[in-house]
Amino acid sequence: MTTPMLTLNDGLTIPQVGYGVFKVPADDTERAVSEALEVGYRHIDTAAIYGNEEGVGAAIAASGLPRDELYITTKLWNDRHDGEEPHAAVAESLDKLGLDHVDLYLVHWPTPARDNYVHAWQKLIEIRDAGFARSIGVSNFLVPHLERVVAETGVVPAVDQIEVHPAYQQREVAAWAAAHDVKIEAWGPLGQGKYDLFGAAPVARAAAAHDRTPAQVVLRWHLQKGNIVFPKSVRRERLEENLALFDFILSDAEIAAIDAMDPGDGSGRVSAHPDEVN
């Protein structure tokens with residue numbers, strides 16, 4: 001089992017499947033990440049606001065794995081955009097993770113009412129250039145936010161981590177990203193359990209046809225769309241299931257049927273709208 005690697009627009013590579021620790025309790029994070037690493041995950045996605053960077057760091061240290069085999073992402077929180085705060089924030093995150101650099105550092109939300117995300121992005125460019133992050137990107141950015149940071153800094157994010165699943169595909173952002181060689185990272189790739197993706201006919205039919213679970217079908221759909229995914233579980237058997245995605249292929253008809261699950265009116269979104277998070 002080998003996780004596919006995608007090449008980012010900065011020439012570096014990223015594993016297409018990772019383990020996300022959003023809402024994993026701090027006390028449980030070291031165990032959960034350790035199990036994920038044992039199962040075969042090498043891409044771990046955390047954030048300062050998750051409150052569990054120390055647990056991720058403890059699992060990394062205990063794993064004995066070489067640093068160059070791991071891909072670690074964390075994120076700049078909304079109240080750290082101003083002045084030199086991004087530099088202080090990444091230093092704090094690195095200390096908690098026990099690392100001298102992360103592989104990917106993201107602006108977590110644009111927080112447009114604060115109107116400081118361009119400044120934050122400029123600071124991430126400095127952080128990258130100083131060697132504290134190998135790649136930099138954004139999270140929850142819509143097309144106007146993306147266009148503005150590129151126009152004002154000339155630097156295109158390597159990734160945009162956004163809510164994406166079959167019922168909410170963010171086609172406008174995806175089209176912009178494809179045109180600018182920005183990889184989409186899908187958080188909540190299974191709809192966070194708030195949207196019944198698994199009972200939908202296209203998913204159920206494909207699961208039966210391939211003798212796979214509905215979750216595996218949805219994750220395989222993401223992979224074939226070119227998305228990077230972070231399925232989350234604290235159960236070992238589910239960790240293994242979510243990584244068993246590379247020995248079957250959905251047909252073009254199955255992909256098209258799942259594509260058609262998004263009504264296109266935004267009703268499938270399960271998270272806050274990026275323009276309303278400030």
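Scanning segment 61-72 for residues that are open to solvent by 40 Å² or more (accessible area, probe 1.4 Å) and hydrophobic (A, V, I, L, M, F, W, C) returns Ala61, Ala62, Leu65.
Kindly indicate which of Arg212, Arg205 is modelled with pLDDT of 95 or more, open to solvent by 10 Å² or more (accessible area, probe 1.4 Å) and in a loop (DSSP other than H, G, I, E, B). Even if it seems obvious, please write down each step before you answer.
Details: Arg205 fails: in a loop (DSSP other than H, G, I, E, B).
Exactly one residue qualifies, and that residue is Arg212.
If you take the residues in segment 225-246 that are part of a helix (DSSP H, G or I) and open to solvent by 70 Å² or more (accessible area, probe 1.4 Å), which one is modelled with the highest pLDDT? Ranking the qualifying residues of segment 225-246, first place goes to Lys225. Of the residues making up segment 247-278, just one is surrounded by 14 or more Cβ atoms within 10 Å (Cβ to Cβ), part of a helix (DSSP H, G or I) and without any contact (Cβ under 8 Å) to a residue 40 or more places away in the chain, namely Ile255. Looking only at segment 207-249, count every residue that is over 15 Å from His165 (Cβ atoms) and of a type in the set (A, V, I, L, M) and tell me the total. The qualifying residues number 9.
Yes or no, residue by residue, for (1) within 23 Å of Phe22 (Cβ to Cβ); (2) of a type outside the set (A, V, I, L, M):
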{"site": "His165", "(1), (2)": "yes, yes"}
{"site": "Val173", "(1), (2)": "yes, no"}
{"site": "Ala177", "(1), (2)": "yes, no"}
{"site": "His210", "(1), (2)": "no, yes"}
{"site": "Lys232", "(1), (2)": "yes, yes"}
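I need a count of the residues in segment 40-89 that are in a helix (DSSP H, G or I), β-branched (Val, Ile, Thr) and touching a Ser or Thr at 6+ places or on another chain (Cβ under 8 Å).
The qualifying residues number 1.
Is segment 42-55 home to any residue that is of a type in the set (Lys, Arg) and under 16 Å from the mean Cα position of the chain (by Cα)? Yes, segment 42-55 contains a residue that is of a type in the set (Lys, Arg) and under 16 Å from the mean Cα position of the chain (by Cα). For segment 188-202, a residue qualifies if it is among the hydrophobic types (A, V, I, L, M, F, W, C), open to solvent by 30 Å² or more (accessible area, probe 1.4 Å) and outside any helix (DSSP H, G or I), and the qualifying residues are Leu190, Phe198.
If you go through segment 36-60 and pick out every residue that is open to solvent by 40 Å² or more (accessible area, probe 1.4 Å) and closer than 20 Å to Asn242 by Cα, you end up with 2.
The values are calculated or read from the model by the stated rules, or taken from the named source; none is laboratory data. Please read all numbers here as calculations on a predicted model, not as lab measurements. Here the Cβ is made from the backbone with ideal geometry for all residues, glycine too, and neighbour counts use every protein chain on show. Only protein heavy atoms, including side chains, enter the accessible area calculation; ligands, DNA and RNA are left aside. Shrake-Rupley method; radii C 1.70, N 1.55, O 1.52, S 1.80 Å.
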